Structure formats: C-alpha cells, structure tokens
1. With assigned by the TED database to the domain that holds D416, among the hydroxyl-bearing types (S, T, Y) and crowded, with 17+ Cβ neighbours inside 10 Å as the only criterion, which of S156, S142 stands out?
2. Could you identify the single residue in F423, F441 that is at pLDDT 80 or above and surrounded by fewer than 24 Cβ atoms within 10 Å (Cβ to Cβ)?
3. Give me the pairs: first residue in region 90-102 and in contact (Cβ under 8 Å) with a residue 12 or more places away in the chain, second residue open to solvent by 90 Å² or more (accessible area, probe 1.4 Å), beta-carbon distance under 7 Å, and six or more apart or on different chains, which are they?
4. How many residues does region 388-416 contain that are open to solvent by 10 Å² or more (accessible area, probe 1.4 Å) and of a type in the set (V, I, T)?
5. What number of residues in region 93-121 are open to solvent by 50 Å² or more (accessible area, probe 1.4 Å), modelled with pLDDT of 90 or more and either aromatic (F, W, Y) or part of a helix (DSSP H, G or I) (or both)?
6. Which of the residues spanning region 177-205 are modelled with pLDDT of 70 or more, part of a helix (DSSP H, G or I) and open to solvent by 40 Å² or more (accessible area, probe 1.4 Å)?
7. Identify, please: which residue in region 252-296 is part of a loop (DSSP other than H, G, I, E, B) and modelled with pLDDT of 70 or more and is, among those, farthest from the chain's Cα centre (by Cα)?
8. Given the criterion within 17 Å of G155 (Cβ to Cβ), surrounded by fewer than 24 Cβ atoms within 10 Å (Cβ to Cβ) and out of contact with any Leu (no Cβ under 7 Å at 6 or more places or on another chain), identify the matching residue among I385, I369, I375, I356.
Amino acid sequence: MKNSATQDAAQHAMLDKLKQVKIGFIPLPIYLVLLVGYIGITILDVVPEKDMLVSLGVMTVFAYLLEEVGAHIPVLKSLGGKVLVVTFLPAFLVYKNWLPTSTVKVVSSFMSNNNFLMFFITLLVVGSIASMNRVTLVKATSRILLILILCDIAGSLVGTGVGMLLGMTAYKAYFFIVAPIMAGGVGEGAMPLSIGYAAVMSGMSQDNIFGQILPCVMLGSLVAVLLSGVLKKIGEIRPALTGNGKLIDSDDEKLDNLKSSNKTVSIEKTLTAGVLAIAIYFLVVWLSSVLKSAVGIQLPAPVILLLVLMGAKMLGYIPKNIETGGASLYGFTVKGVTPSLLFGVGVAKTDWKELIAVFQNPAAILTIIATVFTIVITAFVVSKILGLYPVDTAIAVSCCSGQGGTGALAILAAGDRMTLMPFAQVAVRLGGAMTVTVAIFLMGILS
C-alpha cells in the first residue's frame, strides 16, 4: 500500500509539472489537444481552405512551437532567434515542400484574403498611440523625421560607395541595391520603384526590374532583424541607452502601462479601444476612396491610419479613458497575434528562393549589410544628440530597410519593441516614399 501511495504521489507530481509546461502561453495539455486535432484533420485531408478558425488554429500550432525552438538556440536567441525561426524556417519548409499542402493552402488563403496584416497593424497602432502621451508623441515624431532624412542620405552614400569599391557602378549599386532596401518594402516600395524605373528605362520590363531588386529588399530586412536583436542586447548591457519601448525620456510621460502586466485590465475599455480601431479603419477606407476619386491620389491605408490617429491624439480627440484600454489592446495583439502572423508571413509572403538568390553575389551582400548598418549607426548616433534613446530609435528607424509592414513586424519583434510600431510605420511609409521619389527622379535625369 505504501509503495502504491508513493507511486500515485509521484505520478501526480509529474502531472502537475507537465501542466506547468507551456508552449508560448499555451498550457501543454491544451496544446497537445490542438496538435492532435491538427494532425487528425491533416491526415484525413479534411482541412477547409476558407475557415478562419482552422486557419488560426494551424498557425497557432506551428507559431508557438517554433518560437520555443528559437528561444532555446544558443547565441541566436539573443539576436532575435524567435522571430528568425518563426518567420524564415516556414519559408524554407515551403520551399522544400516539407509542410503539408493543406497547411500551406489554408495559411496562404487566410493571409491573402483577409488582410490580416492590416488588422494587426491597426490594432497595434491604435493600442500604442492611444496609450501614448501627446507631448511625447509630438516631440518624438518631429525628431524621427529629421533622423530619417539623415539616415537616407548616409545610407545612400555609404551603400553606393561600398558597392563601387566592390566593382559595381554607382548606377547599379544605388538604383538596384541601395534604393530598394530603403524604399519601404515590397508593395509600397519595390513595386512602385520598379514601375518608375521601367517608365524611364528602355529595354527593361517592370517584371524584370522587380525580380532584380526583390532579393535585395528581403535580405536587407533579414539584416535589419539581426541588428535589432543586437540592439536589444546592447540595451540590456547598457540600460542608459534604452527606454525599453520609449523613444524619449519626458516628464510628461506618465503612462508606462504598455509594458506592465500587473495592472487591472478593463474588458469594457479594451473593447472600446477595439471599436475605436475599427471606426478609424472605416474612416481610412472612406478617405482612401475619396482621395482616389477626387484628386487621383492613392495613399496606402497605413499612411492614412497614421495621419488620422496621430492627428486625433495630438489634438486631444482621443478620450483619457481609452488610454488604459489601448494599452491592454496592444498587449493582447502582441502576445496573441504576433507569433501566428509571423508564421503566416513566412509561409505566404516570404519566398525562400528569392531570398537565397542574392547570396550568389558577395558584392551585393556586403553592399546590403553596409547600407542597413549605416542606417542603424546613423540613427543611433543622431538620436543621442537629439535627446532620444539610441537603442529604441535605431530599432524603429531600421524598419525603413525592412520588408514593409511584415519587415517592421519582424524587426520590432526581434528587438522586443512592439510599442514602437507607430514610429516604425513612419519610417516605413514616409521614409520609403522619400526614397522612391528621389530614386525615380534621379533615374529620370540620368536616363
């Protein structure tokens, strides 16, 4: 009887330990139920392609498991390993056809047909800006714009110079490597850049140009992710250089709730902030349509979102009681949506074949690294002069060399600075627009 009781106690102790194990935030028993369900519908080939719950479930199965893997890889875990594994390993698995076809189809369909990335950006930007102090927002944004201009100039000069030292012409280095990196991603960067180039160049199609510059955009984003992890580590070693998610140390900054987890969460206030996000997105869709029909201008939705929300916040139109709701909305979005979205980006938006194509050209690799590194160093140094936290500012500004919204997501996640998404969007959209405009203008003069 005594041995039996001892065995029962040992079994209970083991079960208690297993219950405490988590995959991400998911308790192991619940994760195992999710995993068994996924395996069952995959083996029977009954995965519905247009089912939102199934899509989110599939993404959850992989995302948090891959995140755990990335968090336990020596050295890499300190350099944004979780993000790298969750984003780029799925792209490799798709390339090798090692993911079930049904999984690739359901995730790709969900990412393509539901505008999930815009959903994420809207919730995150609304949550973070609603929780931000007005004075701090004005001070930081004005300085970020100046830093962006300096980073564009420095990145262009150094990147082009390195390319020339490695045997390229200045024309090739700037227009086909440096400018695409700083153009603000794929949809709002590389695509309009390639269209503009094709309009002023003879003998090259837009598709051909786009195929040449896309790998540079993707590798530039990867370099920025790695540097974001390095910056995070610098902030841990030298705490005086980081605001841990804030750009500026201001006496007016009284809200530290974006990083806090021990404050009471009001469900009603969180839902109110969520409804605010939806309401502002409605306004964004309406304004986009009005601008297009009235003056023929097609502004990207994230740009309008930023302008509307920042304007509302700076003018004091966002009520104080939404601030705490915005903070909890932000926390939910980061913890509950980010890993799954990164996995979706890896499966549906990251072409491994395009990514590795640039590795066949060592000169291009070094030029890309030099360009992104210069942007980060410039932002780091100038931000210190302007009274901003260097680590956080450099991470936010480096998003201009990322893969658009998906790149900003990966860069900020690698640096654990998701609170900076509004400023990252400024870097991506406005910094990218400046680069695209200047590059097409210069090519028109030189062609």
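1. Within the list S156, S142, the selection yields S156.
2. F441
3. Y95/K353; S102/D45
4. So the answer is 1.
5. Selection size over region 93-121: 4.
6. P192, I195, A199, V200 - these are the residues of region 177-205 that are modelled with pLDDT of 70 or more, part of a helix (DSSP H, G or I) and open to solvent by 40 Å² or more (accessible area, probe 1.4 Å).
7. G296
8. Among I385, I369, I375, I356, only I369 is within 17 Å of G155 (Cβ to Cβ), surrounded by fewer than 24 Cβ atoms within 10 Å (Cβ to Cβ) and out of contact with any Leu (no Cβ under 7 Å at 6 or more places or on another chain).
The values are calculated or read from the model by the stated rules, or taken from the named source; none is laboratory data. The shown structure was predicted, so the numbers you read here are calculated from the model rather than taken from an experiment. For neighbour counting, all protein chains shown are included, and Cβ atoms are generated from backbone atoms with ideal geometry for every residue, glycine included. Note: areas computed on protein heavy atoms with side chains; ligands, DNA, RNA excluded. Shrake-Rupley method; radii C 1.70, N 1.55, O 1.52, S 1.80 Å.
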